[in-house]
Amino acid sequence: MAKKRYRFSIFNDTTHEEIFAFRAYGALSIVTIVIAIMLLIASVTVLISFTSLRELIPGYPSSQTRKDLIQNAIKIDSLQNEINIWRLQLTNIQRIATGQEPLRADTLFNFQGNKDSLLAYSQEYAKDDSLLRATVLKEEQFNLSARSIKIEQIEGLHFFPPLKGVITEEYNLGIDHPYLDIAAPENTTVSAVLDGTVIYAGWDDSAGYIIQLQHDNNLVSVYKHNSRLLMKTRDKVKAGTPIALVGNTGTLSTAPHLHFELWHKGEAINPAQYIKF
């Protein structure tokens, strides 16, 4: 029986010219096709593995991507070293604060083999530091030295004028006159220049009715020759609160006016430098 023969041809559809022809006999044709397919697969595999065509496959990293990955790995390693140095410095600060010897710089290299060791070491001392802070805060809770201290200064304070009037005699230390005399109609309201507490309200033969206020920042204001006092000792007042009425009381007064003094840290200062009358 004659063997069947097969012919595979490729023709030009326009001119009907045969471009390629392939002849095969029976099972040989199947083997030939299988070999051709395997050669095709091998060729594609080689092209993808050893040429830049593989970068066209979605999800396959390009050469630039691999380069960036390497650079990022180097940066991460450098950052890890910096973090280890910071942890060592923090640990030394905590050891010094607790009276212990600080670790040497070469200690950092001893922790390179186990990066979690230095972190655990730092956390141990951080826990001790927290306990120390809690103990100190508890002991200093009622200690006056631990309380915040206000800055004792008068620059920038907003003074309320005690009254609007005419200054008849200026502040002058040269003639032993460390205060102001301000003329105003009798019974004009006298106001507190700042928030404060009345530390004295009473009568004096030479100064008449006197009222004194204690303010923050070691400031004391004094108001003399009043006709009437509107506050008593230990009263709390706000800036601008009426505290007295202008008068002509006391042997040293010759006309209705306010004798006004301003003291800072025990020294008389010129009120006109801070208050607009």
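Yes or no, residue by residue, for (1) of a type in the set (Ser, Thr, Tyr); (2) at pLDDT below 95; (3) within 47 Å of the chain's Cα centre (by Cα):
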site: 157; (1), (2), (3): no, yes, yes
site: 213; (1), (2), (3): no, no, yes
site: 246; (1), (2), (3): no, no, no
site: 261; (1), (2), (3): no, no, yes
(Q) Which condition from (1) under 21 Å from residue 236 (Cβ atoms); (2) in contact with a Ser or Thr (Cβ under 8 Å, 6 or more places away or on another chain); (3) in a loop (DSSP other than H, G, I, E, B) is the one that residue 200 breaks? (A) (3)
Q: Scan the range 63-73 and give yes if some residue there is among the hydroxyl-bearing types (Ser, Thr, Tyr) and either modelled with pLDDT of 80 or more or outside any helix (DSSP H, G or I) (or both), otherwise no.
A: no
**Q.** Contacts under 8 angstrom Cβ, first residue in the range 224-247 being buried (at least 17 other Cβ atoms within 10 Å of the Cβ), partner among the basic types (Lys, Arg), 6 or more apart
**A.** 244/228; 245/228; 247/228
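Go through 275, 211 for me and flag whichever is under 20 Å from residue 160 (Cβ atoms), hydrophobic (A, V, I, L, M, F, W, C) and touching a Pro at 6+ places or on another chain (Cβ under 8 Å). Full working, then the answer.
Values: 211 fails: touching a Pro at 6+ places or on another chain (Cβ under 8 Å).
Of 275, 211, the one residue that is under 20 Å from residue 160 (Cβ atoms), hydrophobic (A, V, I, L, M, F, W, C) and touching a Pro at 6+ places or on another chain (Cβ under 8 Å) is 275.
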Q | Residue pairs meeting the criteria (Cβ under 9 Å; at least 6 apart or on separate chains; first at negative phi, in the range 153-176; second exposed (fewer than 14 other Cβ atoms within 10 Å of the Cβ) and not in a loop (DSSP other than H, G, I, E, B)) | A | 169/177; 170/177; 171/177; 171/273
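The values are calculated or read from the model by the stated rules, or taken from the named source; none is laboratory data. Predicted model only: the values in this text are computed from it and were never measured. When we count neighbours, we look across all protein chains shown, and the Cβ atoms used for this are built from the backbone with ideal geometry, even at glycine.
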